[in-house]
1. Scan the stretch 220-236 for residues that are surrounded by 14 or more Cβ atoms within 10 Å (Cβ to Cβ) and either among the small types (G, A, S) or in contact with a strand residue (DSSP E or B) (Cβ under 6 Å, 6 or more places away or on another chain) (or both) and report the count.
2. Could you say whether any residue in the stretch 96-109 is assigned to a loop (DSSP other than H, G, I, E, B), crowded, with 16+ Cβ neighbours inside 10 Å and at pLDDT 95 or above?
3. Of the residues in the stretch 271-325, how many are in a loop (DSSP other than H, G, I, E, B) and of a type in the set (A, V, I, L, M)?
4. Condition (residue is over 33 Å from the mean Cα position of the chain (by Cα), assigned to a helix (DSSP H, G or I) and basic (K, R)) applied to the stretch 394-401: is it met by at least one residue?
5. With the condition kept exactly as written, say whether any residue in the stretch 74-83 is free of Cβ contacts under 8 Å to residues at least 40 places away in the same chain and either surrounded by fewer than 16 Cβ atoms within 10 Å (Cβ to Cβ) or outside any strand (DSSP E or B) (or both).
6. Hey, among L72, L37, L21, which residue is farther than 20 Å from C214 by Cα and aliphatic (A, V, I, L, M)?
7. If we scan the stretch 141-163, do we find a residue that is more than 20 Å from Y39 (Cα to Cα) and within 21 Å of the chain's Cα centre (by Cα)?
8. I'd like the full set of residues that are farther than 18 Å from V43 by Cα and basic (K, R), limited to the stretch 129-187.
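The values are calculated or read from the model by the stated rules, or taken from the named source; none is laboratory data. Since the structure is predicted, the reported quantities are computational estimates derived from the model, not experimental observations. Here the Cβ is made from the backbone with ideal geometry for all residues, glycine too, and neighbour counts use every protein chain on show.
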Amino acid sequence: MTPRSPLLIANGQGFWGDSILGPIRLVREGPLHYLTLDYLAEVTMSIMQKLKSRNPGAGYATDFIEMLARILPICKEKGIKIIASAGGVNSAACMHATGEVIKKLGLSGLKVATVTGDDVLSRLTELKQQGESFKNLDDGRPLAEVAGKITSANAYLGAFPVAEALNRGADIVICGRVTDPSLVLGPMIHEFGWQPEDFDQLAAGTVAGHIVECGAQCTGANYTNWHEIEDFAHIGYPIVEAHPGGEFFITKHHGTGGKVSVDTVTSQLVYEMGDPRRYLTPDVIADFTSIQLAPAGVDRVRVYGIKGAAPTKFLKVSVSYESGYKAVGQLTISGPEALAKARLCAEIIWKRLEFDGVTFAEANKCVEFLGAGVCHEGIVPAMDPPEIVLRVGVKDKDKTKVNRFGMEIVPLVTSGPPGVTGFAGGRPKATEIISYWPALVGKDKIEPHVELAEF
């Protein structure tokens, strides 16, 4: 196969809940070879696992199916392939739902692949017996501390299984937990024939994936100089123009809103950055200090000079576990001395709960006075505005205590100071807290699996 150069890869989803218009506009508004869709944050896997426990047919990104119904005809017409981490913890169900959409649209001859092997929840005991400790990467705690509370455990797979699915002819690739850049790196490996030892090229593809993984964050969204950005409502989602040697360009479709510049790309490059010299992935260690950026025309940035090194022998594992309950409520307090009245309202809540024998540790209480400069406390001067949103919350292992707290907010409307004019969201009820446990597992213990079906 002669590699396409440039290879056009766009990312249309930065998370589960991103605008459905991103991918729809990307396939309609210009040329494209691959559309990637990144759905999975760390906590998302636990949410999906919980959904699957209630319904064996759930556990994947349902937005993906709705979106497919709108873009598949044009993707087939243009030959655009789709790669998505939409499988969550139930890639098989996601594949089935995808097949149903294909049939409903009257399409045929589309090959759908799943990439699995990341879910190790059922294998934790087996893997521990094989010497895997799963100690917490942040503080070294043993996994035994959360035994019986774990809700999900997924290893981050790399890009080569994605490339394998494409090598086998897949038009749509549905992944579980893969690293975010793998969605973009996979088609480069497939098209350019990159090998596991091509560290500089793999590092370049990883950097490209990192730049576009959050969608419009590299085309002007969430950008410090936001006043420079035109037409946020029609902001263009990013496109990678990739070349076999590892050089690539970041751009967007002509005529869309937003901006692609060295500054907007740099802003995204430092997002979620650890050691810039050692950006660790399953396939390569990328040296972000080697990245060279240069303007290459209107809304077009050249990225080149990237260096990579051999990866480690481990994969990162994202473990989620239950760690108690929380509840949060809010009141709007207006009129003169709104801040003082809001402080009094919070004090009343704690005293009334204490009178009823319900107390919370200070570390488990949250009190915020939105509007008085608390979001950037110590940076923005404090104010005494004409209205305040009092946001108050608790967390505890005792669900009954947390629900009791929720009963003491709305009574302040009639039994507190004047000006309590708004109560939002109904009485807050206890909801489960899902906490994050980062760990490692040996690569030799994880076997990615690719399954292909034609519809």
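1. Our first condition is that a residue be surrounded by 14 or more Cβ atoms within 10 Å (Cβ to Cβ); within the stretch 220-236, this holds for 220-223, 229, 235-236.
With either among the small types (G, A, S) or in contact with a strand residue (DSSP E or B) (Cβ under 6 Å, 6 or more places away or on another chain) (or both) added as a condition, the list becomes 220-221, 235-236.
The number of residues fulfilling the criteria is 4.
2. no
3. Here the count works out to 7.
4. Scanning the stretch 394-401, I find no residue that is over 33 Å from the mean Cα position of the chain (by Cα), assigned to a helix (DSSP H, G or I) and basic (K, R), so the answer is no.
5. Residues of the stretch 74-83 free of Cβ contacts under 8 Å to residues at least 40 places away in the same chain: 77.
From the residues that got through so far, the ones that are either surrounded by fewer than 16 Cβ atoms within 10 Å (Cβ to Cβ) or outside any strand (DSSP E or B) (or both) too are 77.
Yes - at least one qualifying residue is present in the stretch 74-83.
6. Numbers: L37 fails: farther than 20 Å from C214 by Cα; L21 fails: farther than 20 Å from C214 by Cα.
None of the other options fit; the residue is L72.
7. Yes; the residues of the stretch 141-163 include at least one that is more than 20 Å from Y39 (Cα to Cα) and within 21 Å of the chain's Cα centre (by Cα).
8. Matches in the stretch 129-187: K135, R141, R168.
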